[in-house]
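K.L.:
I have a structure here, written as structure tokens, and I will follow up with some questions on it.
The values are calculated or read from the model by the stated rules, or taken from the named source; none is laboratory data. Keep in mind that this is a model prediction, so the values were computed, not measured. Reconstructed Cβ throughout: ideal geometry from the backbone, glycine too, with neighbour counts over all protein chains shown. Keep in mind that these areas ignore ligands, DNA and RNA; they rest on the heavy atoms of the full protein, side chains included. Shrake-Rupley method; radii C 1.70, N 1.55, O 1.52, S 1.80 Å.
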Amino acid sequence: MKKPTVSVIVAALKPSFGIGNKGGLPWKLGKEMAYFKRVTTRTAQAGAINAVIMGRKTWDSIPPRFKPLPDRINVVLSRSFENRQVDERLIHANSIESALSFLSARPVEKVFIIGGAEIYNEVIKGHLVDYLLITEIEHVDDSPVEMDTFLEFDMHEWVKLPDGDLVDFTGEESVEKDINENGFIYNYTLWARK
Ligand code: FOL
């Protein structure tokens, strides 16, 4: 099987790149979550499927009624897991490398790393990702947002691509700008390694 492209997808608050609080997301952004679902699910080829890879804490943070995330192969990572296929749509793996080698043996179109911080930081440092899909969020007023988890990556190693590339990559019809929801303003971006 051809190696699928591997991307990080994340929503982060600028300028600290905070992504989480107390085991969950620091905000509730319904349209943003709908974008996450569309982008991670959509395939260019009919009948194809994408995969999402997440850490065990992220798995625990997803409401039971939403998981496994439908229409995607879900891979959950934990150092204490045996590598095994739990069912048709759920795989347990004990390393990123095992997860990726498992997926490279099946017809998966795109792989999305969906967090959390420990996994993001490992795959970015380990040069295991080709693209970053970052939703750049700003808070409308300057009051603090409670966050305890942050993305650690060197922005200088990455270049932001034009919106046309984001459209091509995601299959979105267009790129909506400065979306305002619940006191946050955000933009969808796509980055590649320099
Ligand atoms: N990336 C982006 N851009 N936004 C996020 O909120 C995000 N969240 C995570 C990873 N990458 C992200 C991790 N957290 C669900 C819940 C939490 C979560 C990821 C996914 C979830 O339940 N998703 C459902 C849709 C839920 C809904 O409709 O409210 C899904 O099917 O994808």
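K.L.:
Given (1) in a loop (DSSP other than H, G, I, E, B); (2) surrounded by fewer than 15 Cβ atoms within 10 Å (Cβ to Cβ); (3) within 12 Å of the ligand (Cβ to nearest atom), where does Glu82 come up short, assuming only one miss?
P.N.:
Exception for Glu82: condition (3).
K.L.:
Out of region 44-70, which residues are part of a loop (DSSP other than H, G, I, E, B), within 19 Å of Leu90 (Cα to Cα) and more than 8 Å from the ligand (Cβ to nearest atom)?
P.N.:
Listed by number, the residues that qualify are Gly47, Ala48, Pro68.
K.L.:
Looking only at strands (runs of 3 or more DSSP E) that fall completely inside region 131-194, which ones have 3 or more residues that are surrounded by 15 or more Cβ atoms within 10 Å (Cβ to Cβ)?
P.N.:
In region 131-194, the matching strands (runs of 3 or more DSSP E) lie at 131-139, 184-193.
K.L.:
If Ser98 satisfies every condition in (1) more than 17 Å from the chain's Cα centre (by Cα); (2) under 18 Å from Leu25 (Cα atoms); (3) open to solvent by less than 70 Å² (accessible area, probe 1.4 Å) but one, which is the exception?
P.N.:
(2)
K.L.:
If you take the residues of region 27-43 that are near the ligand (Cβ under 10 Å from one of its atoms) and outside any helix (DSSP H, G or I), which of them is nearest to Ile185 (Cα to Cα)?
P.N.:
Checked region 27-43; the qualifying residue nearest to Ile185 (Cα to Cα) is Leu29.
K.L.:
Filter region 101-128 for residues that are surrounded by fewer than 20 Cβ atoms within 10 Å (Cβ to Cβ) and in a loop (DSSP other than H, G, I, E, B) and give the result.
P.N.:
Listed by number, the residues that qualify are Ala105, Arg106, Pro107, Gly126, His127, Leu128.
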